[in-house]
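Each remark here refers to the structure printed beneath this line.
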Amino acid sequence: MTQKKTNLSVDIGGITLKNPVMTASGTFGYASEFEHLMDLNRLGAFVMKGLSLEPSKGNPPPRIVETACGMLNAIGLENVGLTAFKKNKLPLLEGVTTPVFVNIYGRSVAEYAELAARLEDIGAVSGIEVNISCPNVKSGGIAFGGYPETAAEVVRAVRKRSTRPMMVKLSPNVTDITEIARSVEAEGADSISLINTLTGMAIDVDTRRPKLANITGGLSGPAIKPVALRMVWQTAQVVKVPVIGIGGIMTAKDALEFLIAGASAVQIGTANFIHPHTAIDVIDGIEAFMAERDIPDIAEIIGTLNVSPR
């Protein structure tokens, strides 16, 4: 008897992914670092580490601290800059069929727009992920994604300069994430990814000093999953574009929770540091879950959360 083939493909802002499992920016390097650990072509998509126009050294060390059920990072978006990225990083991905999203950031609206424009002619780039959790240097360091107006301003500027499918990555450090989601959708976001890290800190009680040189950092890992899941569910209720769930996904069951809550895809982040093969294991686990329950299409799982009274 021939086993039925399950369909895991999803459409994310005009890009067809063979499955709903992506890797998150900043946790997968430039993808080539993982090619000896897995078949990159099996992934739904991968998101490059944050890219800026010019190279950035990031924050001084120590930059990573392990916490209960997670980790704090204050890398500071260290990266090689656009020129070196095009010359030294993208060529390493020749022959890889998995869609590539480039996570972009800037210290001003103009920087975001210029970087997006310069990525237009690079055929290897399938789409961009706009990180609006960055500080606006012209507004006292307030994160662009902290308010609907500034979030919309960035997305509007990028949309004017780019025809690439645009994913916008939201910060959880806001009062109402649905307001931010609606504002970026209105300005042309093709999909929305969430959540970025939660702001946190850790203290060394012996020295009475922060464990991070930057004092605060971004909390990720299993500890933030319940928060991420709630925000993904809320966001999926108010936008029409695809939502990509991020936050503490370690297993296929974690990923399935996000899909049931309304996410069309997920990104694997901190788990990549613990077990580099996690994304592939999650893909296999989702497929096995569907096969065991005779579910032929991933669409029959997405957004099926039952919230009726028990």
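Nothing in this text is a laboratory measurement; each read-out follows from the coordinates by a stated rule. Bear in mind the structure is a predicted one, so any value in this text is a computation, not a measurement. Positions of Cβ are generated from backbone atoms using ideal geometry, with glycine treated the same way; all protein chains shown enter the neighbour counts.
Cα centroid separation, segment 157-185 to segment 252-290: 23 Å. For the residues ARG230, ARG164, ARG293, a GNM of the chain with alpha-carbon springs under 10 Å puts the largest fluctuation on ARG293.
Ignoring the sites themselves, the chain has its longest run without GluC sites (Glu not before Pro) in a DSSP loop having at most 15 other Cβ atoms within 10 Å at 121-310. Once you reduce segment 208-243 and segment 52-84 to the center of their Cα atoms, the two points are 17 Å from each other.
Among ILE195, ILE15, ILE122, the ranking by other beta carbons within 10 Å of each residue's beta carbon, starting with the fewest, stands as ILE122, ILE15, ILE195. Dipole orientation for the chain: of the candidates PRO20, ILE268, LEU37, ILE268 has the Cα lying most toward the positive pole (charges on Cβ; Lys, Arg +1; Asp, Glu -1). Students often get this wrong: which residues of segment 180-198 have the backbone nitrogen under 17 Å from the point 7 angstrom along Cα-to-C-beta of VAL307? Output list for this probe position: 180-182. Using θ = phi - 60° in the Karplus curve 6.51 cos²θ - 1.76 cosθ + 1.60, the 3J(HN,Hα) couplings for segment 295-301 round to 9, x, 9, 4, 4, 7, 10 Hz; x is entered for Gly and Pro. On full extension, the segment bounded by ALA299 and ALA124 gains 60.2 nm, given 0.36 nm per residue less the C-alpha separation.
The lysines whose alpha-carbon is closer than 16 Å to the alpha-carbon of LYS86, local same-chain residues fewer than 8 away aside, are LYS49. With the cut-off at 1.5 for a/c, could you classify segment 245-298 from its C-alpha gyration tensor as rounded, prolate or oblate? Oblate, because a/c is 1.5 or more while a/b does not exceed b/c. Computed from backbone phi with θ = phi - 60° and the Karplus coefficients 6.51, -1.76 and 1.60, the 3J(HN,Hα) list for segment 248-259 is x, 7, 10, 9, 4, 5, 4, 4, 4, 4, 5, 5 Hz; x is used for glycine and proline. Based on Cα contacts under 8 Å between residues 6+ apart, the chain shows a relative contact order of 20 percent.
The ranking of LYS89, LYS169 from fewest to most other beta carbons within 10 Å of each one's beta carbon is LYS89, LYS169. Taking amide H as placed 1.01 Å from N in the peptide plane, THR270 has its amide H under 5 Å from the amide H of GLY221, GLY248, each at least 5 places away in sequence or on another chain.
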